[in-house]
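Structure record follows, encoded as structure tokens.
Any read-out appearing in this document is the output of simple, stated calculations on the displayed coordinates, not a laboratory observation. Note that the structure is a prediction, hence the values are computed from the model and not measured.
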Amino acid sequence: MTETAAQAAQRQQMERACAQLLGLIGGITADGHLHDMEIQFLRTWLAGERVASDHWLGRAVSQHLDAVLADGHVTEEERAWLLEKLQSASGAQFAETGCASAETTAAFPADDGPVHFDGKTFCLTGKFLFGSRGQCTAATKAAGAACTDRVTQDTDYLVIGAAGATASWKQASYGAKIDAAMKLKEKGHRILILAEPTWRAALPALPDAQA
């Protein structure tokens with residue numbers, strides 16, 4: 001399905017807003033400490049940026065901020081918790097290495113499972129340590145599942161490759177497909193977002209599987 005000009009413009013606007021948000025988070029957390037003014041600034045910025053706040057990442061950050069600021073006072077425990085959440089959300093290590101390792105998959109809103117293949121529909125995105133996209137697709141189909149290039153209401157699983165495809169997960173198909181899956185979740189659809197290791201662990205042993 002070809003992307004329309006309006007859809008492309010909307011996607012680019014969302015990508016810019018997400019990049020701005022991640023830039024702010026990166027700057028705020030760079031010294032390993034969160035000041036009250038920084039927390040308030042981030043909350044105010046999100047409240048004024050509709051596009052960023054409509055993105056799943058913006059919504060998640062807003063929820064974290066609201067939880068910490070609910071009583072009007074930020075304890076040191078809450079400050080440390082929020083710092084950890086923001087650092088995780090920014091995916092700083094992933095942006096630097098291009099690799100979604102076990103330590104950085106927290107940057108994705110990943111689910112643990114359960115994972116079933118027979119009769120299910122998978123969407124694979126990114127580059128995989130398992131092998132080429134064709135090999136991953138073939139292994140998924142051999143396990144009894146169908147594969148699609150887009151996230152739709154019929155998609156049961158979105159799988160994020162662990163080898164990295166771009167300088168940051170927020171760009172291109174990564175961000176667009178994750179956002180599409182998150183929106184379906186919010187509407188009640190039972191789609192699961194999987195990191196590659198979760199998909200690989202559930203994959204049945206096949207004679208031609210790549211280790």
Looking only at lysines whose Cα falls under 26 Å of Lys187's and that sit 8 or more positions away or on another chain, we get Lys85, Lys120, Lys170, Lys177
Any aspartates and glutamates whose Cα falls less than 19 Å from that of Lys141, other than same-chain ones fewer than 8 residues away, would be Asp118, Asp149, Asp154, Asp156, Glu196, Asp208
Computed ³J(HN,Hα) along segment 71-85: with the Karplus parameters 6.51/-1.76/1.60, θ = phi - 60°, integer Hz and x for glycine or proline, the list is 9, x, 9, 9, 7, 5, 5, 5, 4, 5, 4, 5, 4, 5, 5
For segment 189-201, in residue order, the Karplus 3J(HN,Hα) values (coefficients 6.51, -1.76, 1.60; θ = phi - 60°; whole Hz; Gly and Pro = x) are 6, 8, 8, 10, 9, 10, 6, 3, x, 5, 4, 5, 5
For Leu194, other-chain or 5+-apart residues with amide H closer than 5 Å (H placed, Pro excluded) are Asp111, Leu158, Val159, Ile160
Residues meeting the amide H criterion for Leu34 (H placed from the backbone, H to H distance under 5 Å, 5 or more places apart or on another chain) are none
Diffing segment 45-52: the Karplus 3J(HN,Hα) column from phi (6.51, -1.76, 1.60, θ = phi - 60°), in whole Hz with x for Gly and Pro, holds 5, 5, 5, x, 10, 4, 5, 5
